[in-house]
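Worksheet: one structure, shown below.
The values are calculated or read from the model by the stated rules, or taken from the named source; none is laboratory data. These numbers come from a predicted model, not from an experiment. When we count neighbours, we look across all protein chains shown, and the Cβ atoms used for this are built from the backbone with ideal geometry, even at glycine. Accessible surface is based on the protein model in full, side chains and every heavy atom, while ligands, DNA and RNA are left aside. Shrake-Rupley method; radii C 1.70, N 1.55, O 1.52, S 1.80 Å.
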Amino acid sequence: DAGVIQSPRHEVTEMGQEVTLRCKPISGHNSLFWYRQTMMRGLELLIYFNNNVPIDDSGMPEDRFSAKMPNASFSTLKIQPSEPRDSAVYFCASRRAGGWSTEAFFGQGTRLTVV
Amino acid sequence: TQLLEQSPQFLSIQEGENLTVYCNSSSVFSSLQWYRQEPGEGPVLLVTVVTGGEVKKLKRLTFQFGDARKDSSLHITAAQPGDTGLYLCAGAGTGNQFYFGTGTSLTVIP
């Protein structure tokens, strides 16, 4: 298996532009998580899905952020409009059903820079 | 969100030294995981501890879960440059999600 695949790896955009981050989880995994990592705040959970359904989006910072999972093999995280404070590394992770203690696998992340 | 505080935040040691990293919370967790993250990569799972007082060993790494399941420690014996990285603990939420600690950045100097 290729692991969790995120695209793009790097994104530089101007303030006010729409940004879409993409994630392909590992086949057979039914939970998907979006995290944001910064030096100041560490790894923050933004939203997670079980069986393609958003379960908890309380970590989404503002209405400018939205996430979708139209099917079991694809998820997007969209920021519209983007702001400089959104600059961070965004990670997607997936995990197989079987309880919380099962291993979560992370993608390599998308480094977003908003100028 | 259950807050997980890790200490120290940064640690720089010489090769061959021992070290301990701590993960503390006021919340009780059903289980806790430790991850290591290298630059430019996502975190990778090292271990899961589920029982209060549990001790797990992974080569030179020893993980312990506190009796009250509110804290955990990671001890590395005879650290090597390959141990360099960001060490993260993660505790379960009320659902299927997990929250990460503040992280400990370890540098092992050859």
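Descriptive notes on the structure:
- Residue check, residue B:76 at pLDDT 95 or above, open to solvent by less than 10 Å² (accessible area, probe 1.4 Å) and more than 14 Å from every other protein chain (Cβ to nearest Cβ): yes
- Enumeration of residues in the stretch B:87-96 that are open to solvent by 10 Å² or more (accessible area, probe 1.4 Å) and either touching a Cys at 6+ places or on another chain (Cβ under 9 Å) or within 7 Å of chain A (Cβ to nearest Cβ) (or both): B:95, B:96
- Test: residue in the stretch A:9-19 that is out of contact with any His (no Cβ under 6 Å at 6 or more places or on another chain) and within 11 Å of another protein chain (Cβ to nearest Cβ): yes
- Count of residues meeting criterion [open to solvent by less than 10 Å² (accessible area, probe 1.4 Å) and farther than 18 Å from residue B:3 by Cβ] in the stretch A:39-56: 3
- Just so you know, in the stretch B:59-73 the residues that are open to solvent by 60 Å² or more (accessible area, probe 1.4 Å) and under 18 Å from residue B:108 (Cα atoms) include one that is farthest from the other protein chains (Cβ to nearest Cβ), and it is B:60.
- Matching entry among A:104, A:72, A:97 (being among the small types (Gly, Ala, Ser) and closer than 21 Å to residue B:88 by Cβ): A:104
- The listed residue being part of a strand (DSSP E or B), more than 11 Å from the chain's Cα centre (by Cα) and of a type outside the set (Val, Ile, Thr), out of A:49, A:105: A:105
- Qualifying residue in the stretch A:9-16 (condition: under 15 Å from residue A:68 (Cα atoms) and touching a residue at least 12 places away in the same chain (Cβ under 8 Å)): no
- Qualifying residue in the stretch B:40-49 (condition: more than 28 Å from residue A:94 (Cβ to Cβ) and modelled with pLDDT of 95 or more): no
- When B:108, B:44, B:49 are screened for being under 19 Å from residue B:6 (Cα atoms) and open to solvent by 60 Å² or more (accessible area, probe 1.4 Å), only B:44 passes.
- Close pairs from the stretch B:11-25: first outside any strand (DSSP E or B), partner at pLDDT below 95 and not acidic (Asp, Glu), Cβ under 8 Å, at least 6 apart: B:25/B:2; B:25/B:3; B:25/B:4; B:25/B:70; B:25/B:91
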